[in-house]
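Inspection log for the structure reproduced underneath, given as structure tokens.
Derivation of every value follows stated rules applied to the coordinates shown; laboratory data play no part. The structure presented is a predicted model; accordingly, all values stated were derived computationally and were not measured. Cβ: placed from backbone, ideal geometry, glycine included. Neighbour counts: every protein chain shown.
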Amino acid sequence: MCIIMGTLLDYIQYRFFAKSRHGIHSPFVYEFVEKYLYQEIESSIYQPIENIRVALLKDKRQIEFEDFGAGSKKIRTAKPSVKNLAKNSLKPKKYAKLIAQLAQYIQAENIIELGTSLGTTTLYISALNPKAKIYTLEGSPELAKIAQKQFDKLNARNINLIVGNFDQKLPDLLNRIPKPDLYFIDGNHTYEATIRYFKLALKHSNGNTLFIFDDINWSDGMKKAWSEIKSHPQVSISMDFFYLGVVSINPNYSKEDFVIRY
Ligand SMILES: C[S@@+](CC[C@H](N)C(=O)[O-])C[C@H]1O[C@@H](n2cnc3c(N)ncnc32)[C@H](O)[C@@H]1O
């Protein structure tokens, strides 16, 4: 996840405005930053997942890959290698940890990830939230097959992998599970799709649900989507980690935007 030219200025701006825990007055945000964000997790938790990442980064197999979403700026072939996908699609440990810790912080019981890819972030969420039920959706059957193998390797039984287009699978899923406590929206990074998934997710949420959006600075469309989501009347707190944006709809919190150094 290197900073590409178009976003360099945005990143400089982010670093300039971002606050560490000292500038944060919301108890909800402060407690997360203090107790989780800047704390390392045990190596017995992350090492098995990082070993899987290392193996995927060496895997030269080429797979059929039909992108159902906005595509990638780096994967330009219909038959990418697993190592190419592992290098360019997966969240690095730092952000996978952040997502999993947010789930831990709010004691999420039901979690949805849109976009499994090879499953390493799903494994972080699973490892730090063993009691939660995790539903992860992936459109590419070949990718999903490889992800499922990694889940089986680590015996991650709380992960339910659903293969198919979000547009068909998500509404079905939301009608048969309790309202999720956490959404991680990490696929189909267009303005239109992001807003559409957010509106659908909002209808299936409780007061404590958190929504995490990946790549909020990836394109003008994503920047526009993030700006609209932050100012949505139901959103109270927003947290900008540059690569990820997080919003809460808890009405007990006053409306505030935080840019958090990470
Ligand atoms: C960036 S990757 C996910 C990375 C993963 N969440 C992580 O943190 O490592 C996005 C994935 O979403 C999938 N995807 C994008 N749009 C989709 C759609 N409309 N339906 C199903 N899958 C989709 C792609 O196939 C891709 O594997």
* Rounded to 10°, Cα long-axis angle of helix 43-56 versus longest principal axis of the chain -> 50 degrees
* **Prolate/oblate/rounded call for the stretch 104-262, Cα gyration tensor, a/c under 1.5 rounded** => prolate
* Asked: To the nearest 10 degrees, how steeply does helix 93-105 sit against the main Cα axis of the chain, on a 0 to 90 scale?
  -> 60 degrees
* Asked: Anyone know which of Tyr124, Tyr38, Tyr95 comes out most mobile in the 10 Å Cα GNM of the chain?
  -> Tyr38
* **Within the stretch 5-259: Cβ-based charge dipole about Cα centre, in debye rounded to nearest 20 (Lys, Arg +1; Asp, Glu -1)** => 520 debye
* Check cross-link reach from Lys255 to the aspartates and glutamates: straight Cα distance under 15 Å, and skip same-chain residues fewer than eight apart. => Glu228, Asp240
* Around Tyr95: net Lys/Arg minus Asp/Glu count, Cβ-Cβ under 11 Å -> +1
* Structure fact -> Per the C-alpha gyration tensor (a ≥ b ≥ c, the square roots of its eigenvalues), the stretch 1-154 is rounded if a/c is under 1.5, else prolate if a/b beats b/c, else oblate; here it's oblate
* **Rounded if a/c under 1.5, otherwise prolate or oblate - the stretch 195-262, Cα gyration tensor axes** => oblate
* Asked: Out of the DSSP beta bridges found with both residues in the chain, what percent are antiparallel (nearest 5)?
  -> 30 percent
* To do: Could you tell me which of Ser248, Ser219, Ser44 has its Cα farthest along the dipole of the chain towards the positive end, charges placed at Cβ (Lys, Arg +1; Asp, Glu -1), taken about the Cα centre?
  => Ser44
